[in-house]
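Input: a single structure, listed below in structure tokens.
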Amino acid sequence: MKRVQFSSPYLPYLFIAPQMAIIFVFFYWPSVQAIQSSFYLEDPFGFGSTFVGLSNYVDALGSAQYQSIARFTVVFTALVTFLSLGFGMLLAVKADAVLKGSSTYKTLLIWVYAIAPPVAGLMGMMFFDQHIGPLVKFAALFGWDMKVGLNYNDTAFAMIAVSVWKQIPYNFIFILSGLQSIPVSVREAAAIDCRSGVRRFWTMTLPLLAPTAFFLLIINMTYALFDTFGVIDVMVKDKAANNPITLVYKVYMDGFRGNDLGGSSAQSVILMIVVFVLTVFQFRFIERRVHYN
Amino acid sequence: MASIGIRDVSKIYNGGVTAVSAVNIDIADGEFIVLVGPSGCGKSTLLRMVAGLETISQGEVTIGGRTVNDIDPADRDIAMVFQNYALYPHMTVYENLAYGLKNRRTPKAEIEARVAEAARMLELQPYLERKPRALSGGQRQRVAMGRAIVRKPSAFLFDEPLSNLDAKLRVSMRGEIKRLQRRVGTTSIYVTHDQLEAMTLADRLVVLSGGRIEQIGRPLDVYHRPATTFVASFIGSPAMNLVNGEVHGSKLALGPALIDLGAAVPTQGAVTVGLRAEDLRLHDDGQGGLPFRIDYVEELGAQRLVHGMVGDQPLVAALSSEIPLPETASLSIAPSRLHFFDTASGRRIDWSAEAAGPVAAAVVSEVVA
């Protein structure tokens, strides 16, 4: 391999400087600020701050409300990740098996991804609208009086459904391309070695999809934890009341609606630690089982 | 173990492209059949129809007397070896070998015994715990073979299994395949575009061209009595010389020479004449014979391939390296070694040179022009 030598030892740093500047301004600086302000009690009107040590953390972790929101976040994240991956995989496997008009079918499924996320969120919301939502009317046929925004469980259901719905095309694209990277002859060899298509999927297809699935697992968890903010915001419209919200939304509520910047910072630091631990765990223990070709 | 019947089998793709048309082959139990032809001749398609990886448009395939047209590949009791090995990359060699057996609910003890036996036969024991990516090309090929052997199927299907190996390995693997097939005695269909591989492996050859069978026969029969000009030019290296000639009674006009055949050929007028390069000899005294203008020489060591022209037609002769080449040579050939083909259809015209008496150098009675 050819070794490239820079004329000055500072030149490479200059090249990565723009990238580092962006990361610094939008990630490191706010993170440090959050960590710093999590140890202070901020005056709501910005007249000063008092150092309070870890009491913001103690308050947050000790509060029953925080704990119940944390529990919901775990359930929400698990369900959204599992369902959007599951549906994405189901659709991709089926689309991959279609012989006639497969490109049309695939294009139609991928199209959804081309819709801008806010539009998709709004469309999803309309499905659950109290007055015109077809899903509400459909649920009524089974005697389910769905009250999104009023009933805790109904709102949770709608949140999960819309979040999953928005994420399926993304997973679909990745899984489909993962499926198509499995050599045809390997699939054919498996078809000769194993009669059951379901068994072939579990023993052949899924292990070979593992790198894609692992990547999507991380992306989907991050999505469910953070990127669903918009969906939740549209659903609860700033007034959470007794509706379900996730930890990220609670950070926003406490910080920008409750003006408790210190408490909100402490919560976001906790969230940061959770994500950090989760990622380390995933790479340490799950990636080990992943076979990269 | 089973016989395989291929009856009037055709493959017609959507859009009307015919890849295989009305092919009939009867394969006896334990026979090693090689399908050979240039790329695009339909040989792989035919094999894949037997395997069940392609649907059969028309006709019928039977394995062991059972029609398998609508039976899943896994239920046809066949094993296939693919060109690019198609090993399962996430499984160890042992798991690769055991996979097909496991899915058939073979008892664990038997799986172990069979894998051990195959590993011993193929000298794979040191690699059983490795993943395919940690193996060389030849080792991967042996794992692919092993995967077929452990199943003890009715038939082995080979789809150009040696194409991805380098020349030296290909020769040794060729021997290994032949030896293994002899040992386990399983009916085999082997697809290749390499005529040498076909000649050395086959009990019987099936030469295909454009989705049709050109000839079926034992390798030497096909070599010595090619049914068409296509087979003549495809089987054998260097390819058989095909030149235009004219038959008049029992005489053959070939370029400027007139050859006395000694017996009548059942055709008259224009004809395609086939001459194997190794059947051509240098005519002793330089007088008479086929006047041969030498263009260039390929030295192969044991022999040399001499390229040149007879009249205005190119010809290759395989001559001994011992004999010095004269400036202008003249060639001779035993009349019984001549092959005649119909110029229009390319079909072989059978004739008997035995009536011409003892095999001798062709008598060239006169030189025209």
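Relative contact order, percent, of chain B when contacts are C-alpha pairs under 8 Å separated by at least 6 residues?
Contact order relative to length: 15 percent.
What average number of partner chain Cβ atoms lie no more than 10 Å from the Cβ of the residues making up B:74-87?
Mean number of neighbouring Cβ atoms from other chains: 4.
Is there a quick way to get the dipole size of the protein assembly as shown? I mean about its Cα centre, with the Cβ of Lys and Arg at +1 and of Asp and Glu at -1; what is the value in debye to the nearest 20?
Dipole magnitude for the protein assembly as shown comes out near 1800 debye.
Mind checking A:192-201 for the average number of partner chain beta-carbons within 10 Å of each residue's beta-carbon?
Going residue by residue through A:192-201 and averaging, the value is 6.
For the protein assembly as shown, what is the convex hull volume of the alpha-carbon atoms per residue, in Å³?
276 Å³
For a quick check: sort A:Lys94, B:Lys43, B:Lys131 by the number of other beta carbons within 10 angstrom, fewest at the front.
Fewest to most other Cβ atoms nearby, the residues stand as A:Lys94, B:Lys131, B:Lys43.
Per residue of region A:88-94, in order, report the coupling 6.51 cos²θ - 1.76 cosθ + 1.60 (Karplus, θ = phi - 60°) as ³J(HN,Hα) in whole Hz, putting x for Gly and Pro.
Whole-Hz 3J(HN,Hα) from phi for region A:88-94: x, 5, 4, 5, 5, 4, 5.
Using a 10 Å cut-off on Cβ to Cβ distances, tally the other chain neighbours for every residue of B:89-99 and report the average as a whole number.
Other-chain Cβ atoms within 10 Å of each residue's Cβ, averaged: 3.
Would you calculate a helix-derived [θ] at 222 nm for the protein assembly as shown, using -39,500 (n - 2.57) for each DSSP H run of n ≥ 4 and dividing by the full residue count, to the nearest 500?
-13000 deg cm²/dmol
Taking a ≥ b ≥ c as the square roots of the eigenvalues of the Cα gyration tensor of chain A, is the shape rounded (a/c under 1.5), prolate (a/b larger than b/c) or oblate?
Cα axes put chain A in the oblate bin.
If I take every Cα pair under 8 Å that is 6 or more residues apart in region B:1-158, average their sequence separation and divide by the length, what percent do I get for the relative contact order?
25 percent.
Compare the Cα positions of A:Ile182, A:Gly143, A:Phe226 along the charge dipole of region A:75-244 (+1 at Cβ of Lys, Arg; -1 at Cβ of Asp, Glu; about the Cα centre) and return the one farthest towards the positive end.
A:Ile182
Dipole size in debye (nearest 20) for region A:75-244 around its Cα centre, Lys and Arg Cβ +1, Asp and Glu Cβ -1?
My answer is approximately 420 debye.
What's the Kirkwood radius of region B:79-222 in Å, using all Cα pairs?
Every distinct Cα pair counted, the radius reaches 15.9 Å.
Per residue of region B:241-258, in order, report the coupling 6.51 cos²θ - 1.76 cosθ + 1.60 (Karplus, θ = phi - 60°) as ³J(HN,Hα) in whole Hz, putting x for Gly and Pro.
6, 10, 10, 7, x, 9, 9, 10, x, 9, 10, 10, 8, 10, x, x, 9, 10
Arrange A:Cys194, B:Cys41 by Cβ neighbour counts within 10 Å, fewest through most, would you?
By the 10 Å Cβ count, ascending, the order reads A:Cys194, B:Cys41.
Taking the alpha-carbon distance from A:Lys237 and a cut-off under 20 Å, which lysines remain once sequence neighbours fewer than 8 residues away in the same chain are dropped?
Partners found: A:Lys147, A:Lys166, A:Lys250.
What residue among A:Phe39, A:Tyr152, A:Val164 has its Cα farthest toward the positive end of the dipole of chain A, where the charges are +1 on Lys, Arg and -1 on Asp, Glu, each on the Cβ?
A:Val164
Taking Cα pairs under 8 Å and at least six residues apart, what relative contact order does region B:131-237 come out at, in percent?
19 percent
Given a Förster distance of 51 Å, report the FRET efficiency between A:Ala139 and B:Asp29 from their Cβ-Cβ distance, rounded to the nearest 0.05.
So the FRET efficiency works out to roughly 0.20.
With point charges of +1 on the Cβ of Lys and Arg and -1 on the Cβ of Asp and Glu, referenced to the Cα centre of chain B, which listed residue (B:Ala134, B:Val81, B:Leu205) lies farthest in the positive direction of the dipole?
Positive-most Cα among the choices belongs to B:Ala134.
Based only on other Cβ atoms within 10 Å, what is the fewest-to-most ordering of A:Met159, B:Met309, A:Met253?
Arranged by neighbour count, lowest to highest, A:Met159, B:Met309, A:Met253 become B:Met309, A:Met253, A:Met159.
Name all residues of region B:124-151 having a backbone nitrogen under 17 Å from the label point set 7 Å from the Cα of B:Glu112 along its Cα→Cβ direction, giving them as ranges.
So the set is B:125, B:128-129.
Taken together, the values in this text are just the output of simple stated rules run on the coordinates, not laboratory data. Keep in mind it's a predicted model, so treat the numbers as computed, not measured. Positions of Cβ are generated from backbone atoms using ideal geometry, with glycine treated the same way; all protein chains shown enter the neighbour counts.
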